[in-house]
Amino acid sequence: MRVAIIGAGFSGLIFSKYLLKSNIDVDLFEEHKFVGMPEHCTGIVSSLTERLIGDEAEKNRLSQYNGLNISGTKEKVYLSTRDPVIKLNRKKLEEDLLYSFIKNGGRDYLSTKVDEISDLSRNRYDAIIIADGVNGFLHKMVGLGFKGRIVYGINQEFCIRSLEDHFTVKFDRVTSNNFFSWYVPLKDKVILGTGVENQRELMSTQYRLKKLYNIDKKEYKTYGGLIISGVNKSLIRKNNIFVIGDAAGMNKPLTGGGLYPNALSAYLTYVLIKKGFNLLESLESSIKFTLALLFKSNHLSIALQRNPEIVDELIDIIKKSGLINDINRNIDYDFHFDIIYKSIRSRNSHKFLYNFFKKDPIKFFKLSKSLIKDIT
Ligand SMILES: Cc1cc2nc3c(=O)[nH]c(=O)nc-3n(C[C@H](O)[C@H](O)[C@H](O)COP(=O)(O)OP(=O)(O)OC[C@H]3O[C@@H](n4cnc5c(N)ncnc54)[C@H](O)[C@@H]3O)c2cc1C
């Protein structure tokens, strides 16, 4: 069995790893001379995702946090997670994944741009996997992949020592625009980032974010890119051609995180092949399963990004109803639906829902509507 993967970003690399592990020959094509470039990602994942990625992730752990601050326009809450949240060195992670791939017998074709799928046909691949990212033209050319909502994301790094030891995500209209902003303290630096729906607002929003955290130093590094938010039920397979990664909208709808869904899907493909399913069935089932999982928190995510006041209400009521005690240390950073599911099923949820309804029926109905859309 032989597979071609086009694009050596995170998704192409993690699928390469698990397909090689399934004893499948993999040819990996990448238009750039190096992997991990251009840098765009913050690199925050759960411990589960770190385990799914494997040794390459563990080696590239830059920091870890026992939870996160979630902030609305006024309210703030600290939630501790079941397992630590990890900040990875993203560039080095991709370099190490490529290194392992070559060491384990994979064939890499760096500096090789694939202009058309038919370029590969002479090699008669059993499957062709397009992992060309959200900007890639190849998946669009074959009529596959993501067509939904994108936001513009930016990260800036500052050489300052933070007094905070938690990272913060903030939903408001000042430091982001229909998305959220983030503050990530590391040993000797801080990463500030935000997402905006309107590209023209990117720098002014980032400026306000700097002001909020009282950072008057000049950044030493800026990077970013398009973030996928709001997955759609897109076509991911045509005959033996598949699309994965950002190109397929395999991203958590709330944060745009792509590492968890792709690591999960690659791992599931490996498990299915090991259980005796054929390659094409395994790829299709694991990608579709992952997309269905992401879809479960789709509407809720967009409702929270667009209505940060709902986040305030939720935080306030989570604290007052005692729900915080139920969800603390009981949630996984990457598994968003789990947080919602656990909250609804927890013993304090009736108090929470009743208080919320009493306090603001309109916001309550807005939230319920998106939850119902997600659950049904
Ligand atoms: C600001 C920002 C912050 C983020 N933070 C996080 C985070 O904290 N946690 C998280 O999980 N995710 C995060 N993400 C999302 C994550 O970075 C992406 O989901 C992930 O990198 C997507 O990987 P990919 O392989 O699908 O696409 P890409 O990384 O875009 O890779 C596509 C690759 O394909 C190559 N390519 C394209 N066309 C061709 C062609 N025709 N021939 C050959 N090669 C080709 C490109 O050169 C590129 O290397 C963030 C994204 C942004 C923008």
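Numbers at a glance
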{"read-out": "MRE, 222 nm, helices only [DSSP H, n ≥ 4, -39500 (n - 2.57), over the chain, to nearest 500]", "value": "-12000 deg cm²/dmol"}
{"read-out": "Accessible-area ranking of 166, 350, largest first, probe 1.4 Å", "value": "350, 166"}
{"read-out": "Cut-off under 5 Å, modelled amide H: who pairs with residue 241 long-range", "value": "128"}
{"read-out": "Within-15-Å neighbourhood charge of residue 76 [Cβ basis; K, R +1; D, E -1]", "value": "-3"}
{"read-out": "Accessible surface of residue 73 - all protein chains present, 1.4 Å probe, nearest 10 Å²", "value": "60"}
{"read-out": "Stokes-Einstein D in µm²/s, Kirkwood radius over Cα pairs - the chain at 25 °C with 0.890 mPa s viscosity", "value": "115"}
{"read-out": "Per-pair calculated FRET efficiency, R0 = 30 Å: residue 147 and residue 74 via Cβ, rounded to 0.05", "value": "0.25"}
{"read-out": "FRET efficiency for residue 126 and residue 33, using Cβ-Cβ distance with R0 set to 41 Å, rounded to 0.05", "value": "0.90"}
{"read-out": "Calculated FRET value between residue 159 and residue 330, using beta carbons and R₀ = 35 Å, to 0.05", "value": "0.45"}
{"read-out": "Of 74/217; 76/369; 91/187; 103/140; 17/274, those spanning more than 21 Å from alpha-carbon to alpha-carbon", "value": "74/217; 76/369; 103/140"}
{"read-out": "Spin-label pair residue 292/residue 23, simplified geometry with 7 Å Cα→Cβ offset, distance in nm", "value": "2.9"}
{"read-out": "C-alpha long axis of helix 361-375 to longest principal axis of the chain, angle in °", "value": "20"}
{"read-out": "Where 295, 180, 289 fall by accessible area, highest first, once all protein chains stay in place (1.4 Å)", "value": "289, 295, 180"}
{"read-out": "Sparse-neighbourhood loop sites, trypsin sites (Lys or Arg not before Pro) in the stretch 250-307 - DSSP loop, at most 11 other Cβ within 10 angstrom", "value": "275"}
{"read-out": "Mean accessible surface per residue for the chain, computed with a 1.4 Å probe while every protein chain stays in place, in Å²", "value": "46"}
{"read-out": "Potential extension, residue 275-residue 1 segment - 0.36 nm per residue separation minus Cα distance", "value": "97.0 nm"}
{"read-out": "Angle between the chain longest axis and helix 279-295 axis [Cα atoms, degrees, rounded to 10]", "value": "10"}
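The values are calculated or read from the model by the stated rules, or taken from the named source; none is laboratory data. Just so you know, these numbers come straight off a predicted model, no measurement behind them. With ideal geometry, Cβ positions are generated from the backbone for all residues, glycine too; neighbour counts draw on all protein chains shown. Each accessible area value is taken on the protein alone, full model and side chains, heavy atoms only, with ligands, DNA and RNA left out. Shrake-Rupley method; radii C 1.70, N 1.55, O 1.52, S 1.80 Å.
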